[in-house]
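Trainee: Dropping a structure here in structure tokens format, bear with me for questions.
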Amino acid sequence: MGKQKTKKFAAMKRMISLKDQRIKEKDRAKAKEKKKKDPSQLKEREVTKYPSCLFFQYNTQLGPPYHVLVDTNFINFSIKAKLDIFQSMMDCLYAKCIPYITDCVMAEIEKLGLKYRVALRIAKDPRFERLPCTHQGTYADDCLVQRVTQHKCYILATVDRDLKRRIRKIPGVPIMYISNHRYNIERMPDDYGAPRF
């Protein structure tokens, strides 16, 4: 009985590398030339620019009357906790507060439907300042992060964990949240504020 040849799987043809001497000069891959760095040349590097309103991590633009950017779920949780938004903000910050609502947040509340019609009625209150959005799309979290990054004069009111995590990375932006049926401002890190001499 003769031996049967077993087929080799994944057998590849051997290929000549493009740098091989047997390939014609014009088809051969050229070796990369290493550029020698000039030690006398100035070194360039990218440095993140921080706004002039920040004194270390202390935000000088924050002051009464406070401008509070409100998120969708903040309004919903305020209704569940039976809190008056305007009065509770004043109780938290001990100063006049102007709540702001962006077009994206308004669109998000409108999309939620009849279940959140009370939240929509509160959001349409004339005491809320409306901020028009110029960007494309209606994803509220990106809109709020972008606005807070550009203008450091806002306090962001939200209950959303993911949004809070994103905002904490931006220096000088306080976060307002709801706990124990009242509004609180998230404590800034220990190094927040002016240097101690």
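Trainee: What residue, of Lys164, Lys111, Lys124, is open to solvent by less than 50 Å² (accessible area, probe 1.4 Å) and of a type in the set (Lys, Arg)?
Mentor: Answer to the selection: Lys164.
Trainee: Right, something else. Can you name every residue in the stretch 87-105 that is part of a helix (DSSP H, G or I), under 10 Å from Val70 (Cβ atoms) and within 20 Å of the chain's Cα centre (by Cα)?
Mentor: Val105 - this is the single residue of the stretch 87-105 that is part of a helix (DSSP H, G or I), under 10 Å from Val70 (Cβ atoms) and within 20 Å of the chain's Cα centre (by Cα).
Trainee: Here's something else I'd like to know. Counting only residues that are at negative phi and either touching a residue at least 60 places away in the same chain (Cβ under 8 Å) or touching a strand residue (DSSP E or B) at 6+ places or on another chain (Cβ under 7 Å) (or both), how many does the stretch 48-66 have?
Mentor: 12
Trainee: Something else: Testing Asp191 on (1) at pLDDT 90 or above; (2) under 23 Å from the mean Cα position of the chain (by Cα), one condition comes back false. Which one is that?
Mentor: In the conditions (1) at pLDDT 90 or above; (2) under 23 Å from the mean Cα position of the chain (by Cα), Asp191 misses (1) alone.
Trainee: On the given criteria, is Arg45 touching a Leu at 6+ places or on another chain (Cβ under 8 Å), of a type in the set (Lys, Arg), free of Cβ contacts under 8 Å to residues at least 60 places away in the same chain and assigned to a loop (DSSP other than H, G, I, E, B)?
Mentor: no
The values are calculated or read from the model by the stated rules, or taken from the named source; none is laboratory data. Quick caveat: nothing in here was measured; it's all calculated off a predicted structure. Cβ atoms come from the backbone with ideal geometry, glycine included; neighbour counts cover every protein chain shown. Just so you know, the surface numbers come from the protein's heavy atoms only, side chains and all, with ligands and any DNA or RNA stripped out. Shrake-Rupley method; radii C 1.70, N 1.55, O 1.52, S 1.80 Å.
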